[in-house]
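Visitor: The structure that follows is given in the form of structure tokens.
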Amino acid sequence: MHRRSAGTAASDGWATVRVMTASAEKYGYAVVEGSLERITYVNEDNGYTVAKVDTGRGANDLLTVVGALLGAQPGESLRLEGRWGSHHQYGKQFHVESYRTVLPATVQGIQRYLGSGLIKGIGPKIAERIVQHFGVDALEVIENDGARLIEVPGLGPKRTKLIAAAWEEQKAIKEVMVFLQGVGVSTSLAVRIYKNYKDAAISVVRNEPYRLAADVWGIGFKTADAIARAVGIPHDSPQRVKAGLQYTLSEASDDGNCFLPEDTLVADAVEILEVPGPLVTSCLAELVEEEGVVREDVPDADGEPVSAIYLVPFHRAEISLANQLLRLVGTGVDRMPAFAEVDWDKALAWLRAGTGTDLAPEQEQAVRLALTEKLAVLTGGPGCGKSFTVRSIVMLAQAKRAKVILAAPTGRAAKRLSELTGCDAATVHRLLELKPGGDAAYDRDRPLDVDLLVVDEVSMLDLLLANKLLKAVPPGAHVLLVGDVDQLPSVGAGEVLRDMLAADPIPRVRLTRIFRQAQQSGVVTNAHRINAGRPPVTDGMPDFFLFPQEDNDLVAELTVDIVANRIPRRFGLDPRRDVQVLAPMHRSAAGAGALNVLLQDALTPSRPTLPERRFGGRVFRVGDKVTQIRNNYDKGVAGIFNGTVGVVTALSEEDQTLTVRTDEDEEVDYEFGELDELVHAYAITIHRSQGSEYPAVVIPLTTSAWMMLQRNLLYTAVTRAKKLVVLVGSRRALAQAVRTASAGRRHTALAHRIRSGRPGEGG
């Protein structure tokens, strides 16, 4: 049977023909058209999708389709190419090998298509009005004579113009998508490619595919490499090998390394690229010559020289940060000279009168150090008085009318710092007013107006951000860096706090005494036991519990029950606002990914009256707890940064936007095409929790996370809790985490540069 769809010209690339040829039937190959009704499952890693399609037989007779449908949205009309098959449990299925979106031909199909939220500016009500006015010609009118939309009741010039522009952009994006479909690039990435390169998108993809990995967020080397292979770039092309070397270094930086030893880099690149070692070595030499990477001999952990290969930004930042630290330590200028000759007995007596508490000797040492040295580091575990020490330092500085600025890497940490000192605190990003591209409004040429800068949670401050921050410190200002060196290091590259403590020139105090009040807390007591390699006490504690369960699937179920039911019943805590699940890893049955699906179903279930939007394998609903997973300097008042947490407060199909209220009380809009920047945050990885603090923390521990079970990981998770810790899972996994010291040190030369006093030249 042959039937051409109506509504548009066949030449525009959107019209379709429903065909089933004799040869197709013979080999099981088929072409099916229909409207995507709903998606029931998506695997985000490989795009495998299970969906229901209405092929015209009615909503009660939907076709099950399975295969590569990543990026397709409910409401779209699809042309599916593939083969028929049968599942022993689910019956007849259509296995999709490729698909493209097409324009529907019926009045009902056109109204559903326009009202699905795919075209910005058109929601269900406006779609109904457009179709009532133009009927089956609605799409042709929008395509060829969009100005006529003004005829539709309720559509003014502004809305008409918006719809026409959105339609044109959709067409251009579809062209890019058709080109990319053969290599499995999703809709969201096609949109990003188009927005980045506009009309040059196809040319860049065809001729310079490795640019995508550097220019387009969400596209890594592997995707760019697949595209390059599809457009005919040879496997052993120098262009490919150089891109692969830079990718290998980038992956290493994602693992926290500032550089890789040359031997390690070459070996890793050979394995990733599957090309001969001599080719990799020669391409690396060319990259060094072209200044695409930097080679420098630095000492390794044993003091032996190693040929270190850096990506340029990390080399510059490491040298620059070492220079800033040495500048702070060595300067003769002082913006708080009053403390050089202060009567400390009087100062401490005044402080005692104001706080009603004596400082312990090591706290007193930290106070003196912070107010007399230009750079000081304060470290220590929970319950050792870091917060009270910081408050005391700020009080004394303000008593001498010093300009004090407080900062932390995350919004939650900044809010906590503000609460304990009674002063405003900002995130480092907002303090520096970071701009698109990552440049800061404050730097060496335009420093902050500050006498004392206090930065909390420095363990999570990575090399690049630490460099930007210290470049903005004016000569003579005092800097106090506060953090727990036993926690996980930063998500980004470097081990800034650990390296500073390993460098003798930098003054520091480590608080070790656990105060009596803190000793009564099971959270504090067990955090120190874990840090010392001893198992936590889980019996008889009012604020620290273990629910044993060896079955990984049952651990997930038990975790959800504890969060959604048991903790709210017993402690009166809100399961979304007050309770945070911290998982060792994202994958596995009790990983953050699977738990988010289960917790969303329990806490924010689907309802007919509740708007929702599917993106990839995730469904977003009003009320969802979400987190940002990349720095986006173009969003919000001053950018939205990796790790920012918020709640979905609104979702508009008509405007194609989702609104999030962040934990910094800012309303931020996301276009539907940007939803890959958000993930659900009912459960997050322990790494992602750094710098945050929650009333209650639930930690699932399973043997499937065996390689991740390390002491500093568990210690970090436990120290995120203010009132309550609940461990759920395997006693064996808990024992493994407690006894396993953290993995080897990261590749960084910051401590060496500080100790040597000759950092080099950097920006």
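The values are calculated or read from the model by the stated rules, or taken from the named source; none is laboratory data. Because the structure is predicted, anything quoted here is derived from the model rather than measured. A quick note on method: Cβ atoms are made from the backbone with ideal geometry, for glycine too, and the neighbour counts reach across all protein chains shown. Ligands, DNA and RNA are stripped out before the accessible areas are found, and what is left, the full protein with its side chains, is counted by its heavy atoms. Shrake-Rupley method; radii C 1.70, N 1.55, O 1.52, S 1.80 Å.
Visitor: Tyr442 accessible area, nearest 10 Å², 1.4 Å probe?
Guide: 50 Å²
Visitor: Ordered by residue, what ³J(HN,Hα) values in Hz, to whole numbers, does the range 655-668 give under the Karplus form 6.51 cos²θ - 1.76 cosθ + 1.60, where θ = phi - 60° and Gly and Pro are x?
Guide: Once θ is set to phi - 60°, the couplings for the range 655-668 become 8, 6, 10, 10, 10, 10, 9, 7, 6, 9, 6, 10, 8, 10 Hz.
Visitor: Of Lys242/Lys468; Lys374/Lys468; Lys400/Lys471; Lys120/Lys222; Lys468/Lys635; Lys52/Lys625, which sit over 22 Å apart, Cα to Cα?
Guide: Working: Lys242/Lys468 28 Å; Lys374/Lys468 18 Å; Lys400/Lys471 25 Å; Lys120/Lys222 32 Å; Lys468/Lys635 20 Å; Lys52/Lys625 28 Å.
Check vs 22 Å cut-off fails for Lys242/Lys468; Lys400/Lys471; Lys120/Lys222; Lys52/Lys625.
Visitor: Next up: Which value, in Å² and to the nearest 10, is the accessible area of Met395 when all protein chains are kept and the probe is 1.4 Å?
Guide: Here the residue's solvent-accessible area equals roughly 50 Å².
Visitor: I would also like to ask the following. Where a Cα-Cα gap under 15 Å defines reach, which aspartates and glutamates qualify for Lys722, not counting those fewer than 8 residues away within the same chain?
Guide: Partners found: Glu419, Asp543, Asp574, Asp578, Glu693.
Visitor: Let me ask another. How large, in percent, is the carbon and sulfur part of the accessible surface of the range 411-498 at a probe radius of 1.4 Å?
Guide: 45 percent
Visitor: Using a Förster radius of 56 Å, what is the FRET efficiency between Glu168 and Arg755 based on their Cβ-Cβ separation? Nearest 0.05, please. List each step's numbers first, then the result.
Guide: Details: r = 60 Å, r/R0 = 1.06.
Rounded to the nearest 0.05, the efficiency is 0.40.
Visitor: Still on this structure, I have one more. Check which residues have an amide H placed less than 5 Å from Gly636's amide H, if you skip close sequence neighbours.
Guide: Asp669
Visitor: At Thr649 and Asp669, where each label point lies 7 Å from the Cα along Cα→Cβ, what is the point-to-point distance in nanometres?
Guide: 1.4 nm
Visitor: While we're on this one: Where does each of Phe221, Phe547 land when they are ordered by accessible area, with a 1.4 Å probe and the largest first? The partial results should precede the final answer.
Guide: Details: Phe221 10, Phe547 60 Å².
In descending accessible area the options line up as Phe547, Phe221.
Visitor: Summing -39500 (n - 2.57) over the DSSP H runs of n ≥ 4 in the chain and dividing by its residue number, what mean residue ellipticity at 222 nm do you reach, to the nearest 500 deg cm²/dmol? Mind dumping the intermediate values first?
Guide: Values: 28 runs with 284 residues, N = 763.
About -11000 deg cm²/dmol.
Visitor: State, as an integer percentage, the relative contact order of the range 242-319 based on alpha-carbon contacts under 8 Å between residues 6 or more apart. Before the final figure, lay out each step's value.
Guide: On the way: 89 pairs, mean separation 25.9, N = 78.
Relative contact order, the range 242-319: 33 percent.
Visitor: Relative to the longest principal axis of the C-alpha atoms of the chain, give the angle of the C-alpha long axis of helix 262-273, reported between 0 and 90° and rounded to the nearest 10°.
Guide: The two axes meet at around 20 degrees.
Visitor: At a threshold of 8 angstrom on Cα-Cα distance, excluding pairs fewer than six apart, so keeping six or more, what relative contact order does the chain reach in percent? Mind dumping the intermediate values first?
Guide: Details: 1472 pairs, mean separation 86.8, N = 763.
After rounding, I find 11 percent.
Visitor: What residues have an amide H closer than 5 Å to that of Arg614, excluding those fewer than 5 places away on the same chain, when H is modeled at 1.01 Å from N in the peptide plane?
Guide: Distant-sequence amide H within range of Arg614: Phe620.
Visitor: For labels at Lys222 and Glu296 in the simple 7 Å Cα→Cβ model, what's the distance in nm?
Guide: Label-label distance for Lys222 and Glu296, simple model: 3.2 nm.
Visitor: Taking the chain as the reference, fit the longest principal axis to its C-alpha atoms, fit the long axis of helix 411-421 to the helix C-alpha atoms, and give the angle between the two in degrees, 0 to 90, nearest 10.
Guide: 30 degrees
Visitor: Kindly sort Trp84, Trp344 by accessible area of their heavy atoms, largest first, with the probe set to 1.4 Å.
Guide: Numbers: Trp84 100, Trp344 35 Å².
I get Trp84, Trp344, largest accessible area first.
Visitor: Which whole-number percent is the relative contact order of the range 371-428 (Cα, under 8 Å, 6+ apart)? Mind dumping the intermediate values first?
Guide: Values: 50 pairs, mean separation 15.8, N = 58.
27 percent.
Visitor: Follow-up. Calculate the tail of P(r) for the range 404-518: the fraction of all Cα-Cα distances greater than 18 Å, expressed in %.
Guide: 53 percent
Visitor: Show His88, His586 ordered by accessible area, largest first, where the area counts protein heavy atoms only and the probe is 1.4 Å.
Guide: Working: His88 170, His586 105 Å².
I get His88, His586, largest accessible area first.
Visitor: Could you state the principal axis extents of the C-alpha atoms in the chain, from the largest down, to the nearest angstrom?
Guide: Its Cα atoms span 95, 65, 56 Å along the three principal axes.
Visitor: Search the structure for amide H atoms under 5 Å from the amide H of Tyr48, placed 1.01 Å from N in the peptide plane, and list their residues when 5 or more places away or on another chain.
Guide: Amide H neighbours of Tyr48: Asn43.
Visitor: On C-alpha positions alone, give me the angle between the axis of helix 221-230 and the longest principal axis of the chain, in degrees, nearest 10.
Guide: 30 degrees
Visitor: Say R0 is 56 Å: what FRET efficiency, to the nearest 0.05, do Thr355 and Lys435 get from their beta-carbon distance? Intermediate results must be reported in sequence, preceding the final value.
Guide: On the way: r = 40 Å, r/R0 = 0.71.
Plugging the Cβ-Cβ distance into 1/(1 + (r/R0)^6) gives 0.90.
Visitor: Still on this structure: How much accessible surface does Leu359 have with a 1.4 Å probe, in Å² rounded to 10?
Guide: Roughly 30 Å² of Leu359 is accessible to a 1.4 Å probe.
Visitor: May I ask you to compute the full-extension gain from Ser282 to Arg513, defined as 0.36 nm times their residue separation minus their alpha-carbon distance, rounded to one decimal in nm? All intermediate terms of the calculation are to be shown ahead of the outcome.
Guide: Details: separation 231, 0.36 × 231 = 83.16 nm, distance 5.54 nm.
Here the segment from Ser282 to Arg513 would lengthen by 77.6 nm.
Visitor: With the crude spin-label approximation of a point 7 Å out along Cα→Cβ, what separation in nm comes out for Arg614 versus Arg569?
Guide: Going by the 7 Å Cα→Cβ label model, 3.4 nm.
Visitor: Over the range 545-620, give the accessible area per residue in Å² for a 1.4 Å probe, as an integer. Mind dumping the intermediate values first?
Guide: Values: 3610 Å² over 76 residues.
Accessible area per residue, the range 545-620: 47 Å².
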